[in-house]
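Worksheet: one structure, shown below.
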Amino acid sequence: MPPSETRLSVAEQDSVLRPQRVTGTDVGQLREVLHGLGYDPLLTPVSGAAEKIRLTGTAMNPNAVGQGDLFVAVSGARAHGADFVRDAVEAGAAAVLTDAAGVDRVREALGYVLPVIQVEKVRDSAGPAAATIYGNTADSGPALFGVTGTNGKTTTSYFLRSLLNQVMARREKLTGLIGTIEIAAGQETIPSQLTTPEAVQLHSLMALFRERGVGAAAMEVSSHAISYHRTSGLFYEVAGFTNLTQDHLDLHGSMEEYFAAKAQLFARRRTRTSVITVDDPWGHQMASAASGEVITLATAGQPMEVDWEVVDIELSGLGHAFTLHHARSGERIRTRTGLPGRFNISNAALAAVMVLESKNTEFSRAEVVEALEQDDPFTISVPGRMQVIGTSPAAIVDFAHNPDAMIRTLEAASETRQGDGKIILVIGAAGERDRSKRPTMGAIAVRMADHVIISDDDPHREDPAQIRQELMTGAQEAVELGELSTVLEEVSPRADAIERAVSSASHEDTIILAGRGHEVYQDFAGEHHPIDDRAELRAALLRHGFAPLEDAGRQNGGETA
Ligand SMILES: CC(=O)N[C@H]1[C@@H](OP(=O)(O)OP(=O)(O)OC[C@H]2O[C@@H](n3ccc(=O)[nH]c3=O)[C@H](O)[C@@H]2O)O[C@H](CO)[C@@H](O)[C@@H]1O[C@H](C)C(=O)N[C@@H](C)C(=O)N[C@H](CCC(=O)O)C(=O)O
Ligand SMILES: Nc1ncnc2c1ncn2[C@@H]1O[C@H](COP(=O)(O)OP(=O)(O)OP(=O)(O)O)[C@@H](O)[C@H]1O
């Protein structure tokens, strides 16, 4: 599939993933449920006929509306969904959920032909409304395993799914995945639009998962999703916290606000068991803030009182073997991950403890331990996350695009550095996202790599040269301040930067392409320029007479470790 086809529109996504057997609810019942939950719904027109209208689906995007849907019209930064109500009705919308401003717009466009439920908090009520229509409750299944944190969500959710697959397969049950790269129901997968989809789609996915026999699902929960109420009405069997470091301050304003958004996931009303990695002070704060059952995990070897800790770490191939030690019982479980980087021990340990601590009756704890010790569930390839394309030189594509992830990735490279080998790094920064991290990333790059090539990421509507300049400013200041001998250059477009990195490399060097991971195009002011770092790196290695790993980095086949 060419890169341009790898992203489906919301409408296409929705049609692939719609559940087929939805009992639904009627408008009157929906109003009662929202009333019971304290949303103070106001239904117009007030008539028996309006109350009896059957609702069998939900959509927020008018292009995704199907016959009999509740159209959820939210007020956004760019538009009000109610401005598109005609399109929604043409597509089959049977009623609208919106705010007072939305009601005016609907009435102006269509008069009183359509029942409208007015609430103040539209985004927040969309989840419970969708849950009612799709029949989702805390116990309806599948068992949801949610992961949040600045870094490690995608990797941990792939690890979770791999482990869940191994234990669920014994019961002939399937698993699901919802995250940045893809949405999967058993073998069926489609590319994602968002890390965490809108509530209306999430609830539809839960119904679809049940129809397809999915018993458990791993899911990434972004802080955007929590702030925009996308997870409203969902209940997590287990939720896990990876870490909190600087990112997304454009949305949250401060680290405290960013923390507060994530903390909402670990409240008793949303999550049965919270597993919190307490390697940083934010982790400790999260463990104190969480309600319900709280399990703590330490993965960085620091002495402290926790429920689970990682001990006895050993290099094992490119990855590590390690032991999970349960403090109270003394139990020890030996497992490993084949993915490079100490942070992948943290990700693997979190996934393991989340499944170990689950009360789900679809699998037994003994089966989880057996899988961890014998089935190597964390030696999988996660697209564009520490993905090894070649070994001589070591050639890695990674998604690090914030300061902490860059530090961890470069630490991983220096841990496996061969002899005098250099670390050659290609970085960029996305436009229209947290500008404050750019100089920091530039500074980290020159402090930790030997040769830094500053290039482009997704500029979106920003000037790419200006973004490179902001990275360069941080990098140059750090070079001067630290009197560093790092080779620093700016090369654009990105394909040329990759070529430059490979042409500068010898067999013992390590090349890291950071920031874009699995992405297959760059967004320049809405224009999509196809580029897949994995394919580009593979091609450059071949051009320069190096041997990439068999299959690694082939177009859209880059999923091979
Ligand atoms: C910053 C952010 O998250 N914005 C989200 C927010 O946008 P918004 O409030 O501006 O809404 P809007 O675009 O004005 O649209 C309002 C309503 O009008 C409708 N509309 C709008 C325009 C139009 O032409 N037609 C139309 O029907 C929309 O469907 C919507 O119902 O609400 C929209 C609809 O609910 C989301 O699509 C949109 O996500 C945008 C696409 C986005 O890029 N979000 C990213 C930043 C995001 O959420 N990322 C996180 C991961 C972050 C990370 O960890 O890196 C994620 O979970 O993916
Ligand atoms: N536990 C971790 N701690 C710090 N850095 C990590 C960790 N796990 C992964 N990383 C780094 O962060 C990058 C992104 O990893 P991953 O995609 O798993 O996280 P994410 O939370 O899903 O990120 P995003 O929200 O940006 O999609 C990796 O490519 C790696 O460089």
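With respect to the chain, whose longest principal axis is taken over its alpha-carbon atoms, helix 122-134 is tilted by about 70°.
Applying both filters, DSSP loop and at most 11 other Cβ atoms within 10 Å, to the GluC sites (Glu not before Pro) of the stretch 113-216 gives GLU172. Its Cα gyration tensor gives the stretch 24-134 an equivalent ellipsoid, and the semi-axes of that ellipsoid, as √(5λ) in whole Å with the largest first, are 18, 15, 14. Summary of packing: across the peptides 305-317, 152-164, the per-residue average of other C-beta atoms within 10 Å ranks them, highest first, as 152-164, 305-317.
Distance from the Cα centre of the stretch 155-224 to that of the stretch 374-434, in angstrom? If you average the Cα positions of each part, the centres end up 25 Å apart. Across the stretch 387-543, the relative contact order, built from alpha-carbon pairs under 8 Å that are at least six residues apart, equals 33 percent.
Taking every Cα-Cα distance in the stretch 101-164 and sorting them into 10 Å bins starting at zero, the pair-distance distribution P(r) comes out as 16, 26, 29, 16, 12, 1 percent. Would you mind calculating the relative contact order of the chain from Cα pairs under 8 angstrom and at least 6 residues apart, reporting the percent as a whole number? About 11 percent, as a whole number. Please label the shape of the stretch 105-262 as rounded, prolate or oblate, based on the square roots a ≥ b ≥ c of the eigenvalues of the alpha-carbon gyration tensor (a/c under 1.5 means rounded; beyond that, a/b larger than b/c means prolate, else oblate). Taking the square roots of the gyration eigenvalues as a ≥ b ≥ c, the stretch 105-262 is oblate. For the chain, the longest principal axis of the alpha carbon atoms and the long axis of helix 403-415 meet at an angle near 40°. Fully extending the segment from ILE190 to HIS529, taken as 0.36 nm per residue of separation minus the present Cα-Cα distance, adds 119.9 nm. The convex hull built on the alpha-carbon positions of the chain has an orientation-averaged projected area of 25.1 nm². Extension gain, ASP40 to GLU373, is 114.7 nm, computed as 0.36 nm per intervening residue step minus the present C-alpha separation.
At 25 °C and a viscosity of 0.890 mPa s, what translational diffusion coefficient does Stokes-Einstein give for the stretch 279-384, taking Rh as the Kirkwood radius over Cα pairs? Give it in µm²/s as a whole number.
In µm²/s, the coefficient is 170.
Radius of gyration over Kirkwood radius for the stretch 387-543, both on Cα atoms: the Rg/Rh ratio is 0.94.
Derived from the Cα gyration tensor, the three semi-axes of the equivalent ellipsoid of the stretch 143-374 are 25, 23, 16 Å, largest first.
Highest mean first, the peptides 258-271, 103-116 sorted by other C-beta atoms within 10 Å per residue fall in the order 258-271, 103-116. Each label point was placed 7 Å from the Cα along the Cα-to-Cβ direction; for ASP551 and ASP420 their separation is 3.8 nm. For the chain, the 222 nm mean residue ellipticity estimated from helices alone, with every DSSP H stretch of n ≥ 4 adding -39500 (n - 2.57) and the total spread over all residues, rounds to -10500 deg cm²/dmol.
Distance between the pseudo-spin-label points of GLU490 and ALA465 (7 Å out from Cα toward the beta carbon): 0.8 nm.
The angle between the Cα long axis of helix 464-482 and the longest principal axis of the Cα atoms of the chain comes to about 40 degrees, rounded to the nearest 10. The residues ILE407, ILE424, when put in order of fewest to most other Cβ atoms within 10 Å, stand as ILE407, ILE424. At full extension, GLU508 and ALA321 could sit 64.9 nm farther apart than now, given 0.36 nm per residue minus the alpha carbon distance.
When ranked by the protection proxy of mean other Cβ atoms within 10 Å per residue, highest first, what sequence do the peptides 22-32, 325-335, 55-65 form?
Ranking, from highest mean packing down: 55-65, 22-32, 325-335.
Hey, for a label at ARG171 modelled as a point 7 Å past Cα toward Cβ, could you say which residues of the stretch 346-362 have their backbone N under 20 Å away? Answer for this model: 351-362.
Throughout, read-outs are computed from the coordinates displayed, never taken from laboratory work. Just so it is clear, the model here is predicted, and its values are computed rather than measured. Heads up, the Cβs are rebuilt from the backbone with ideal geometry, glycines too, and the neighbour counts pull from every protein chain shown.
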